[in-house]
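A.B. asks: Please read through the structure below; I'll follow up with questions.
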Amino acid sequence: MSIFILIPLLPLFASLAIGLGGRRCHEYGHRIGIPAISLSFGLSIWAFIEVLNNGPVSLDLYRLIESGSLVIDLNMYIDQLTVLLLLLVTGVSSVVHVYSSRYMIGDPHFNRFFAVIALFTASMLMLVMSNNLLMLLICWEVMGICSYLLISHSRQRPSACRAATKAFLVNAVADVGLSFGIILTFFTFGTLDIQVILSQAEGMQNHTVNVLGWIGLDLPIYPVPLIPFFLFIGAMGKSAQMPFHVWLPFAMEAPTPVSALIHAATMVNAGPFLLIRLSPLLVLSPYAMTFIAVIGGLTALFAAIVSLTQTDIKKILAYSTISQIGFMIMTCGLGAFVVAIFHLLAHGCYKAFFFLSTGNILQAVEPSHPHKHVAHQKSPGMLTLYVGALLLACIPPIILFSGPYEHMWSVTGFASAKLGFWIIGLITVFVTSAYLFRSIMSLFIHGPKTHWPNTGIHTLDNHTIQPQFINGPILSGLILTTIVLGGMLGLFWSWFTNFLTPALSLTGLPSQEGLLMMNFSTWILVPLAVACMGWAYAYKMHTQPRQPSPGVNRWTTSLYVLFWNKLYFDEIYDAYIVAPSLRFAHWLWQTIDVRGIDRAIHGIASSSLLLAHWLWRIVDIKGIDRIVIGIGQRSIGLGRWLSQMVDIRWLEQNINQVGKQADAAGQALQDVEPHTIQHQLLVMILWLVLATVILYILV
Amino acid sequence: MTLLTDHMISLVVAVPILGIIMLAFVRDQEWTRRIAFGSTMVELGLVIILCLRFDFTQQDMQFVERMAWMPTFNIQYAVGIDGISILMVLLTALLCPLAILCSWNSITTRVRAFMSLILLVESAMIVVFTALDLFLFFMLWELTMIPMYFMIILWGGPNRSAAGIKFVLYSLTGSLLLLVGILGLYLQGGHTYDLLALTEHTFSATTQFWLFISFFLAFAIKMPMVPFHTWLPDAHSEAPTAGSVILAGVLLKMGGYGFLRFCLPMFPEASAMFAPYILWLSVFAIVYGGYMALAQTDLKKLVAYSSVSHMGFVTLGIFVFNSQGIQGAILQMFNHGLTTGALFISIGQLYDRTHSRNIADYGGLHKPMPKFVALFFLFSVAAFGLPGTCNFIGEFLVLVGTSYTSFAMVLLSMGGIVLAAAYMLWMVQKVAMGEPNTKAAATLPDLSNRELATVIPLAILVLWIGLYPGPLMEMMDASVTNLVNHMDSITLAQVARNVYVP
């Protein structure tokens, strides 16, 4: 079924066409982009049916590298996991395309925007289809550079450019882990073909590598359990997990549809996808699994609390994404990969929906009526936002209390883990629902507090040509899809699991129980109640104007400030990593290059000049000149003596002349010697050429 | 016809010389440029024909020509080409037309002399890359220095004479050591300058030790490796654009080529002995060059220091002695020629407009010059090895090759890549993003068609090699495999015996 290769190629070609067309296409970039991505979506559905009926499909592309034992064949592999993600990515991306075709009207870089989002989508599609770690890495990085281009979409805004650079650099640091993991994988398995690696992984578990062999020492390590650690570090960067999460809130500088794309369909989903794709390798390393679960859990909790304190709706949404992805990562760490996929798909749909409706509202609220809220109380977008918030708040609990977790808690072997994750889960549910509702309510009552660009597209003049947002049909379509999808997945949980099982090649998992077969009251009521409590809390906080109540002591205030400042991650990075590296670089340059090496070279040069000068004075002037003069004087004396004997006058004249000539020659020599090195070098080169010619003639 | 096909390489060498002769009869500046450009294009065509006729499956020298030159000293004119040198010749032929194109309007004084120097250096470099006789190699190695020196001191920036002297002093020191090495080889290797004969000759350990040192230092200065690199930023920043392109694009590669052609095959044991130190020095160069580039405020110096970092990858790849490493190193040399050449051309285009190389003088170029910024961005991301662009393939191969030696080196070198991403993106951010910082900046004209024609071929190559490096890899595969086998057969026992300091 080689036609499936068109799924990523269509957006890629669309991107090329729009990009190369440049300004010639005026504002018609979407007319190429939308059909391409819709066709991809259609093909993805076909692929889904194909995989459902006939199992995985693999496509060979071409041989990228062949060097000694390193042979890299690019090939694609479409299995159950891939088709689900293909559906999500193409689906969300087509919605985003359609939405942006209205949203971006009036933007001076309309076509560039469409070219980049098409490339972004294409690289994510390629990533989920790739069956080769190197190809995955390529797509991974291309996606990174696309996000860079999209975040810095308004190039004239310095903050946007800084955010873009920051996003890319944070990812670049994390990608060291991924690249190293890939090299370690090749070193261990001798191939980068994912299917081969996964099938060999179990057998290679006790394979050791002597890392100090080349210096004759003996330090064996087990590479197979180590690989997931490094690969996960890459995933941490892309999915904005704890130490690397700082880029995602800044990525909000991008136009809102891009946020929908980054948060829902591409980019951040790559991390969980990588973990799920390599799950058979992952489960071989319990320590890595624990590490992953802990990082995921911490991130989920941290980001949720931070978002509770934020006042900027886009920041809140960013931290909510970090928190949700943290959930997925934690789920992967616990081994419940099926749940993670489910969460990934559901979160993708809801988040896309949430962002697009936020974009709607922001655009409706912000430019023309910055402070009025009454007019927007009845905005149709408001209802959609409430629905989205409710849905978003309720996914994690439903997942958290579903069957597979129970199993995995017992698998990882920590008795406390179950309790711990329950608590984390419940806190996060509470907080999620609280901040979401708070943000929505404050949006309608106070207006958004996001930093919207004052320049460019959103000025009042341009606003008049902006269409009022009537993307209602799209949004309701999306919400219907998600509800239907969620309902289907909830109802047919076991079917979903069975569908995915071959792709994950899970072993040892018991038959997955459907959600409905679980204890109904527990799994739905507890989290729902918690979510409602969060809602109520948000409402209460909101309606009662905040007063300095006596109950709030200093400790809680400082805690609030701490989380409001996101635990000072950005400041710490700036102060302890970025600024010192720059200072160190400058110091190194000044100290070693300029003062060290260059001065040493200059020292050699000037000391040889000094030596030359000394030689000239000692040997030439004091030595040879004096001898010559001495000889001259002696000869004059001799002459005088002789002159008394012979013809004094005639001789005297002659000798004087000789002496003068010697003096003149000495003078000329003095003129020549201290000339610049330049001339000496030229003379040297000339000499070299002459010597060669003479050599040639002689021989 | 057979006369031509038998003397393919001599023809390739002769075309630029013929161009110089033709230039002697032309007075008109425009025609001077056209003739120079024409002869480099003919050269490129010939080299492409050469590549097409080249038999990739063979590991030996092809198109070999031999002629006695100075029979008394056993010196001959001998040239030939194999998988390693063909890429370097191709790179030379690719970059020289672009060097002429990019100096079309910027060089207005003594055009004839300038064009002649470019043609002369092109011809000399091709002989360096194809010479099979050490004496010939040395002569032309020296000859490449002279046109560069004149390009710097006659058409360079404000500090040109200091930079020129520094360049020549460093180079002369290097070539003196090279001369010593070559004479040593001649005396120890049976009184011949024939490269192939010397490669077959086995030298004693002490001889290898001393000769390796002298050759290594000569090539390390040319590369340049870290303690010997300070001539590079000065020479690059003061040279005219075409000079920087040729210097960074091709001349530096003579060092790497020298390692592959002399050090590895002739002194395998000494190479293996020195390898750990050289490898650590390379890793140091990668990180150190990155830090240096981070500290720069001058565009050309930034790119020059990034070259130091990239050349670290080349030596790293060469001295791990496996086919991934060496192929990666050769690819890295080729790719570095493309990307750094392109970056220098781009900076030259900026310099032509504003006469400033200071990063702080720029800002917000995306507005007046969108085409320029798009291409500049592509070359910048290629320079830090974004996957999908050409540098990535080379760096990845080198890192895979290094992983057989030491994981610590792999990790540290990756740190160098992160630094590269940092300085390149910061440069792009400061130069291209934001609001135009002066009124003049907002009215800069975008790239003209000729300027586009200079950089677009490079852009296409950067992406093409990044996504489909197969043909290039295939070209050098047989020769590299041969080299690796040669090394293995000699050094395996040796390496196993010795315990090295990490």
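A.B. asks: Running Debye on chain B with equal point scatterers at the Cα sites and no solvent, what base-10 log of I(q)/I(0) appears at q = 0.05, 0.09 Å⁻¹?
C.D. replies: Scattering profile of chain B, log10 relative to I(0): -0.17, -0.57.
A.B. asks: A 30 angstrom limit on the alpha carbon distance is what I want to check against. Which of B:K222/B:K371; A:K351/A:K540; A:K166/B:K371; B:K300/B:K371; A:K166/B:K301 exceed it?
C.D. replies: Values: B:K222/B:K371 34 Å; A:K351/A:K540 26 Å; A:K166/B:K371 24 Å; B:K300/B:K371 20 Å; A:K166/B:K301 24 Å.
B:K222/B:K371, as the Cα separations exceed 30 Å there.
A.B. asks: Follow-up question, since we're still on this one. Putting +1 on Lys and Arg Cβ atoms and -1 on Asp and Glu Cβ atoms, find which of A:F168, A:P220, A:T208 reaches farthest to the positive end of the dipole of region A:125-221.
C.D. replies: A:F168
A.B. asks: Work out which trypsin sites (Lys or Arg not before Pro) in chain B are exposed loop sites (DSSP not H, G, I, E or B, at most 16 other Cβ within 10 Å) and give the longest gap free of them.
C.D. replies: On the way: sites that count: B:R27, B:R110, B:K439.
That would be B:111-438.
A.B. asks: Same structure, new question: Report the charge-dipole magnitude of region A:83-192 in Debye, nearest 20, computed about the Cα centre from +1 at each Lys and Arg Cβ and -1 at each Asp and Glu Cβ.
C.D. replies: On the way: 6 positive and 3 negative charges, 80 e Å.
Here the size comes out at about 380 debye.
A.B. asks: A follow-up question, please. Could you bin all the Cα-Cα distances of region B:267-502 into 5 Å bins starting at 0 and give me the percent of pairs in each, rounded to whole numbers?
C.D. replies: Percent of pairs per bin, in order: 1, 7, 14, 17, 16, 14, 10, 8, 5, 3, 2, 1, 0, 0.
A.B. asks: Shifting gears a bit: Read phi for every residue in region B:213-227 and hand back ³J(HN,Hα) as whole Hz from Karplus 6.51 cos²θ - 1.76 cosθ + 1.60, θ = phi - 60°, with x for Gly and Pro.
C.D. replies: Each residue's phi maps through the Karplus curve to give 4, 5, 5, 4, 4, 4, 6, 5, 5, 5, 4, x, 8, 4, x Hz.
A.B. asks: Can you list residues from other chains, or at least 5 along the same chain, whose modelled amide H is less than 5 Å from the amide H of A:L61?
C.D. replies: The answer is A:L74, A:N75, A:M76.
A.B. asks: Got a sec to turn the phi values of region B:163-179 into Karplus ³J(HN,Hα) couplings, 6.51 cos²θ - 1.76 cosθ + 1.60 with θ = phi - 60°, whole Hz, x for Gly and Pro?
C.D. replies: The phi angles translate into 4, x, 5, 4, 4, 5, 4, 4, 5, 5, 4, x, 6, 4, 5, 4, 4 Hz.
A.B. asks: A follow-up question, please. Given the convex hull of the Cα atoms of region B:70-144, what is a quarter of its surface area in nm²? Kindly include the intermediate steps, with their values, before the conclusion.
C.D. replies: On the way: hull surface 22.8 nm².
Dividing the Cα hull surface by four gives the mean projection, 5.7 nm².
A.B. asks: Also, I was wondering about something else. Taking the Cβ of A:V142 as the centre, find all other residues whose Cβ is under 14 Å away and add up their charges (Lys, Arg: +1; Asp, Glu: -1).
C.D. replies: Numbers: positive: A:K238; negative: A:E141, A:D175.
Summing Lys and Arg as +1 and Asp and Glu as -1 gives -1.
A.B. asks: Given Cβ point charges of +1 (Lys, Arg) and -1 (Asp, Glu) and nothing else, what value in debye, to the nearest 20, does the dipole of region B:267-502 about its Cα centre take?
C.D. replies: Working: 10 positive and 11 negative charges, 118 e Å.
Rounded to the nearest 20 debye, it is 560 debye.
A.B. asks: Given B:H236, B:L217, B:G189, which one lies farthest toward the positive end of the charge dipole of region B:180-329, if we put +1 on the Cβ of every Lys and Arg and -1 on the Cβ of every Asp and Glu?
C.D. replies: B:H236
A.B. asks: For region B:111-268, what are the per-bin percents of Cα-Cα distances with bins 10 Å wide, up to the bin holding the maximum?
C.D. replies: 11, 41, 30, 14, 3, 0
A.B. asks: Continuing with the same structure: What ranking do B:V308, A:V258, A:V98 get, fewest neighbouring Cβ atoms within 10 angstrom at the top? Show your work: numbers first, answer last.
C.D. replies: Values: B:V308 25, A:V258 29, A:V98 21.
Ranking B:V308, A:V258, A:V98 by Cβ neighbours within 10 Å, fewest first, gives A:V98, B:V308, A:V258.
Every number in this text was worked out from the coordinates using simple rules, so none of it is lab data. Note that the structure is predicted; figures quoted are calculated from it, not measured. Positions of Cβ are generated from backbone atoms using ideal geometry, with glycine treated the same way; all protein chains shown enter the neighbour counts.
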